[in-house]
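Scroll down for the structure; my scribbles are underneath it.
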Amino acid sequence: MVNHIPALLGETLRGLNFKKNSLVIDATADGGGHARAILDNLGPAGRLIGTDWDLGMIERLQEELKGEKRLKLFHLNFSEIEKVAGSRRPDAILFDLGLSSLQLSASGRGFSFRASEPLEMTFNAETHPNVRELLRKISERELEEIIRTYGEEPFAKRISRAIVAARRQKEIGTAKELAEIIAKVRPRLGRIHPATKTFQALRIYVNQELENLKRGLEGAWKIIKPGGRIAVISYHSLEDRIVKNFSREKGQVAKPIRPSRTEILKNPRARSAKLRIIEKK
Ligand SMILES: C[S@@+](CC[C@H](N)C(=O)[O-])C[C@H]1O[C@@H](n2cnc3c(N)ncnc32)[C@H](O)[C@@H]1O
């Protein structure tokens, strides 16, 4: 199993700017990379609420941190983040978006194009349609639109045609099969796998990631204390645009914070990360 290295860790902790006795929400707790560091910086009266849409990740973290009395974990889509707020309002909220290295290597749900795993790609195992179900029925035109919009993939037409032709022969059941179909028609440009953008597009679509992000940010804004900070780490331009627009709507210019060269060398997954901090005035 590949360990997940938290992106922009120092920058995120500084940006969240919480105190020893603060209440912090980590809306994307996952393997607990950021969560552990937040706990290390909270005192005995501090509290951390962690949520994740992937039940497997919540159960794993619960087990690993079971003696930790300051932590409460919930299996939740952060689009409903208001549900975890009790009478005490949070001082800081973190969203570290997308997929983790743990999910990529060990979820068994087909996030990696190298894996002969069922082609699901949903964070929550109960979400339907998953990618396999979607690809069974969707029209070529709609598929092309999804791949172009959410993958920003210039070869969307070719790829959707190849997928529809392949499914006439046999259902596309695994991530590896899908990646091979794409690799036959999409040139490899640079070091990035030809299926990268299509996988991103399908994952965003089945998980409704952009809608969840918009709702999650609005929910966080409602519950956070005045003076509290929301930190968002995004990994592609569609997400980042939503965060940037949200900060503008709130009258702020949240400048993007990028990882250093040293961090990218240690953790190549962080290369596309952008952190923005939004403060509730
Ligand atoms: C990049 S990982 C977070 C890694 C974590 N910060 C760490 O350092 O270990 C993103 C996590 O967000 C979760 N996630 C994605 N969409 C979500 C949503 N709508 N609600 C809650 N969690 C979500 C994923 O399941 C995944 O575990």
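The values are calculated or read from the model by the stated rules, or taken from the named source; none is laboratory data. Note that the structure is a prediction, hence the values are computed from the model and not measured. Virtual Cβ from ideal backbone geometry, glycine too; neighbours counted across all protein chains shown. SASA here: full protein model, heavy atoms, side chains in, ligands and nucleic acids out. Shrake-Rupley method; radii C 1.70, N 1.55, O 1.52, S 1.80 Å.
With a Förster radius of 22 Å applied to the beta-carbon distance between GLU59 and GLN208, the computed FRET efficiency rounds to 0.40. In plain terms, the bigger the Kirkwood radius, the slower the diffusion; for the chain, with that radius from Cα pairs, at 10 °C and 1.306 mPa s, Stokes-Einstein puts D at 81 µm²/s. Applying Stokes-Einstein at 4 °C and 1.567 mPa s to the Kirkwood radius of segment 159-241, computed over alpha-carbon pairs, gives a translational diffusion coefficient of 83 µm² s⁻¹. When the trypsin sites (Lys or Arg not before Pro) in segment 35-138 are filtered for DSSP coil states and for at most 15 other beta-carbon atoms within 10 Å of their beta-carbon, the remaining sites are LYS66, LYS69, ARG88, ARG114.
Summarising the label geometry, the points placed 7 Å from Cα in the beta-carbon direction at LYS184 and LEU265 lie 4.2 nm from one another. Here is the P(r) of segment 106-207: all C-alpha pair distances, binned every 10 Å from 0, give 17, 56, 26, 1 in whole percents. For the chain, the per residue solvent-accessible surface stands at 49 Å², with DNA, RNA and ligands left out and a 1.4 Å probe. The modelled label-to-label distance for the pair GLN169/GLU279, using points 7 Å beyond Cα in the direction of Cβ, is 5.9 nm. Among the protein heavy atoms of segment 106-207, carbon and sulfur supply 49% of the accessible surface, probe 1.4 Å, non-protein parts ignored.
Taking segment 160-249 as the region of interest, the number of lysine pairs whose Cα atoms are within less than 26 Å, with members eight or more places apart or on different chains, is 12.
A straight chain from LYS222 to THR127 at 0.36 nm per residue would run longer than the Cα-Cα distance by 31.6 nm.
Remark on ASP26: its backbone amide H falls under 5 Å from those of ILE49, GLY50, THR51, LEU94, a criterion applied only to residues 5 or more positions apart or on other chains, H modelled at 1.01 Å from N. Within the listed set ALA166, ALA179, ALA270, the Gaussian network model of the chain (springs between alpha-carbon atoms below 10 Å) gives the highest mean-square fluctuation for ALA166.
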